[in-house]
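The values are calculated or read from the model by the stated rules, or taken from the named source; none is laboratory data. What you see is a predicted model, and the numbers here were worked out from it, not measured in a lab. Note that we place each Cβ from the backbone using ideal geometry, even for glycine, and neighbour counts take in every protein chain shown. Calculation scope for accessible area: heavy atoms of the full protein, side chains included, ligands and nucleic acids excluded. Shrake-Rupley method; radii C 1.70, N 1.55, O 1.52, S 1.80 Å.
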Amino acid sequence: MREEEIVLLNADDEAVGTAPKAASHHSDTPYHLAFSCYVVDTEGRVLITRRALSKRTFPGVWTGSCCGHPAPGEKLRDAVLRRLRDELGIEGAALTPVLPGFRYRAVAEDGTVEHERCPVVRATVAPGVAVARNPEEVEDAEWWPWERCLELTGRPDSSLWYRLQLAELAPLGAPLDWPDAGAAGLPPAVGW
């Protein structure tokens with residue numbers, strides 16, 4: 001099995017190379033391409049997950065539905081659908097880019113740094129969609145009302161990127177009201 005690679009970026013968010021994912025996440029992690037996804041059912045509930053306790057980086061933190069890294073040459077839409085399937089067993093979601101310009105830098109308790117251009121995508125599904133979490137990735141997965149999602153930002157066991165994303169998502173209203181930001185604001189390194 002080939003090791004997963006990340007797409008390295010320059011300050012203009014253009015691809016400048018690739019690197020092995022595992023070996024690249026350390027105290028001086030290079031700036032790279034990622035994404036975050038919030039699964040929302042048509043009743044407005046959000047699938048909130050807790051990262052597996054066995055994860056090397058940020059284990060056990062509560063965060064959005066899933067996140068990941070587009071492979072070199074992989075379109076963002078395809079990467080999100082792949083991770084939804086692999087982490088949560090979800091197929092057939094309708095995807096909408098909502099924060100295409102989001103970027104952040106976070107430091108874990110062990111000193112590991114995340115430094116990402118991380119477009120945020122909403123995945124809309126029907127109520128009652130089956131969730132089959134991959135225990136290597138996801139410790140818990142729960143459907144929450146939006147108000148509870150907002151409350152999570154005040155808890156120390158939420159991920160820093162979740163708190164930063166919610167600061168930008170909350171002014172947009174409830175998750176089903178988040179406007180389609182389109183693909184124009186995505187980084188040059190990835191297509192929709």
> Where does the chain land at 222 nm, in deg cm²/dmol rounded to the nearest 500, when only DSSP H runs of n ≥ 4 count, each adding -39500 (n - 2.57), divided by all residues?
Replying inline: -4000 deg cm²/dmol
> Quick one: if you stick a label point 7 Å off each Cα along the C-beta vector at Ala22 and Arg155, how many nm between them?
Replying inline: 3.0
>> With the cut-off at 1.5 for a/c, could you classify the range 32-80 from its C-alpha gyration tensor as rounded, prolate or oblate?
In response: oblate
> HN-Hα J couplings of the range 146-155 from phi, Karplus 6.51/-1.76/1.60, θ = phi - 60°, integer Hz, Gly and Pro as x?
Replying inline: 4, 4, 5, 4, 5, 5, 4, 5, x, 9
> What is the set of long-range amide H partners of Val39 at a cut-off below 5 Å, with H atoms built 1.01 Å from backbone N?
Replying inline: Leu47, Ser65, Cys66, Ala123
> How many times 2.2 N^0.38 Å is the alpha carbon radius of gyration of the range 4-94?
Replying inline: 1.16
>> Could you give me D for the range 68-129, from Stokes-Einstein at 4 °C and 1.567 mPa s, where the hydrodynamic radius is the Kirkwood radius over C-alpha pairs? Units µm² s⁻¹, please.
In response: 98
> Just the accessible area per residue of the chain, please: how many Å² with a 1.4 Å probe?
Replying inline: 45
> What share of the DSSP beta bridges in the chain is antiparallel, in percent to the nearest 5?
Replying inline: 75
> Using 1/(1 + (r/R0)^6) with R0 = 41 angstrom and r between the beta carbons of Leu172 and Val107, what's the FRET efficiency to the nearest 0.05?
Replying inline: 0.90
> Using a 1.4 Å probe on the protein chains only, how many percent of the accessible area of the chain belongs to carbon and sulfur?
Replying inline: 51
> In whole Hz, what ³J(HN,Hα) sequence does the range 94-103 give by Karplus (6.51, -1.76, 1.60; θ = phi - 60°), x for Gly and Pro?
Replying inline: 8, 9, 9, x, 10, 10, x, x, 5, 8
> Using a Gaussian network for the chain with springs between C-alpha atoms less than 10 Å apart, which of these wobbles most: Pro97, Pro59, Pro70?
Replying inline: Pro59
> Given a Förster radius of 30 Å and the C-beta distance between Ala126 and Ala184 as r, what FRET efficiency does 1/(1 + (r/R0)^6) yield to the nearest 0.05?
Replying inline: 0.55
> By its C-alpha gyration tensor, with a ≥ b ≥ c as the square roots of the eigenvalues, how is the range 100-153 shaped: rounded for a/c under 1.5, else prolate for a/b larger than b/c, else oblate?
Replying inline: prolate
>> In whole Hz and in residue order, list the ³J(HN,Hα) couplings for the range 124-135 that follow from phi through the Karplus curve 6.51 cos²θ - 1.76 cosθ + 1.60, θ = phi - 60°; x for Gly and Pro.
In response: 9, 9, 6, x, x, 4, 5, 10, 10, 6, 7, x
> Among [x] 10.0; [y] 14.8; [z] 13.1, which is the computed mean projected area of the Cα convex hull in nm²?
Replying inline: [x]
